[in-house]
Every structure is written in C-alpha cells, then in structure tokens.
1. Tell me which residues, restricted to the range 55-76, are under 19 Å from residue 114 (Cβ atoms) and under 16 Å from the mean Cα position of the chain (by Cα).
2. Within the range 25-49, which residues are among the basic types (Lys, Arg) and part of a loop (DSSP other than H, G, I, E, B)?
3. Which residues, counting only those in the range 193-239, are in contact with a Gly (Cβ under 9 Å, 6 or more places away or on another chain), among the charged types (D, E, K, R), part of a strand (DSSP E or B) and crowded, with 16+ Cβ neighbours inside 10 Å?
4. For residue 9, state whether it is farther than 30 Å from residue 132 by Cβ and in contact with a strand residue (DSSP E or B) (Cβ under 9 Å, 6 or more places away or on another chain).
5. I'd like to know if the range 118-141 contains one or more residues that are outside any loop (DSSP other than H, G, I, E, B), farther than 26 Å from residue 46 by Cα, open to solvent by less than 40 Å² (accessible area, probe 1.4 Å) and of a type in the set (Phe, Trp, Tyr).
6. So how many residues does the range 164-192 have that are open to solvent by 30 Å² or more (accessible area, probe 1.4 Å) and under 21 Å from residue 4 (Cα atoms)?
7. Has the range 72-79 got at least one residue that is free of Cβ contacts under 8 Å to residues at least 12 places away in the same chain and part of a loop (DSSP other than H, G, I, E, B)?
Amino acid sequence: MTGGPVLLETCGLVARYGDFQALFGIDLRLARGETLAIIGANGAGKSTLLRAIAGVVPVAAASVVLRGEPIGGLGAPDVLARGVALVPEGRRLFPSLSVEENLLVGAYARGAGGHWNLDTVYALFPALRERRHAPGTALSGGQQQMVAIGRALMSNPTVLLCDEISLGLAPRVIRDIYAAVPQIQAAGASLVVVEQDIGQALRVADRVVCLMEGRLTLEGTPAQLSRGAIHDAYFGVRA
C-alpha cells in the first residue's frame, strides 16, 4: 500500500462464465493515488478481474467495494457513473467515429466535471489533436491506444482500469504511453494495470500482484519481489 486510504477493494471475489469458474476468492486493495499492476500468464484471470470490477462480468454485490460502497452487483454503466473506467484490451474504438467523436463518447458516458476534457486529453497526447478529425481506426496502433485511454479519461474517473495497454506496440510507443501515468495520477485517478511485460509492470507500479489460474499467488512492492518469487508465482513453484 502507498499509505493512502483504501479507495477500491475486492473481497473474496469469485467470477464465472457459465459453469466455468475464472476467479477464486480474490482479495485486493487499491489505495488512493496508487498504481497497482496485475501480472500473470495468459488465462490467469487478469482481464476477468478488471471486467468484474468494471461491472462487465456479474459478481456478488459485496465482492467489489468502492469508497466503502458495494458496487459488485451493478452493471457497467452504473459502475462507470461512480467513477470506475475501463480501457479494454484491443482498444475497441468505434470505427464509424472520428478520433474526437470517440473521445467525446467517454464524456457522455458519465457527464461528470473534472480535469479531463478535450483540451487536457490533447495536451496529454498531442498527436491526437493533429488527427482529431480522422477515423479512429485509421490511426497507428499506439495512437489508437491513446484514444482508448483518452476516451476513458474523459469520464473523469477516480479509478482507471487498463487492460494490456502495451500489447502489440513498439517499445518507444509503450514508453510514450506509460509516460502519461504520472499526469493521470496527478489529476486524481488511481490505476489498476494489467501488464504482460513484467519489467514494465515493475517500473510503473507501486505494488504488483500476480494471478495464476484465477488465484492470487503473490503481492508486494517492486522492491520486495525477487525474480525467483515472481517466477514461482507466475508459473508455479519450481521442483
């Protein structure tokens, strides 16, 4: 923890897709102003965890708590209205809309005032201002990811959930995107970041947790976690 008050927590979180159980009793805490990174192999349950917090996957009401209020039983629009925004894996821009129209969708989704608007998003990602009238899907992969992040920020979230925002991008582009994290935090958001790149997760996060087969296997600050401990948590204890 960073020492700040708890903003978001999951309490014995269980998630299922029909008969398949994807998450088994996940207990997490996110402090105000903190960046929490979630690592783990493909299929570990990382994306499901974010989707459950965001209200996309239905879970028990008391298993997700925001500022002391149970929100686990709410759907995605209601969770967003309370200040939890998801940047989904794969960006999922609206292909028929321009960059600026995609960004404005985020503002309509919540209608809350705050730091983030078109001007501040364009200041964060200047390349988007130049391409604001272009179709969102005509941009490079990195610029599309900036649009997806900007769209979520337009709702002025208190919690920003980022699912694999570096996936498929060049290292230089990844550095540019993650360079925005301090400004996002300074504007009042706490972050939960799902990241396949363990090195990137350790660089950006205040704390790191690891999932394996739907269970929490490791938690600590980057300084506390050895390479061996991360390996064991990621793949299972070595023989």
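1. Correct list: 66 only.
2. Residues of the range 25-49 that are among the basic types (Lys, Arg), as a first pass: 29, 32, 46.
Listed by number, the list holds a single entry, 32.
3. Scanning the range 193-239 gives a single hit, 207.
4. Working: farther than 30 Å from residue 132 by Cβ: yes; in contact with a strand residue (DSSP E or B) (Cβ under 9 Å, 6 or more places away or on another chain): yes.
So residue 9 passes the test.
5. yes
6. 6
7. Looking through the range 72-79, none of the residues is free of Cβ contacts under 8 Å to residues at least 12 places away in the same chain and part of a loop (DSSP other than H, G, I, E, B).
The values are calculated or read from the model by the stated rules, or taken from the named source; none is laboratory data. No experiment lies behind these values; they were computed from the predicted model shown. Heads up, the Cβs are rebuilt from the backbone with ideal geometry, glycines too, and the neighbour counts pull from every protein chain shown. Only protein heavy atoms, including side chains, enter the accessible area calculation; ligands, DNA and RNA are left aside. Shrake-Rupley method; radii C 1.70, N 1.55, O 1.52, S 1.80 Å.
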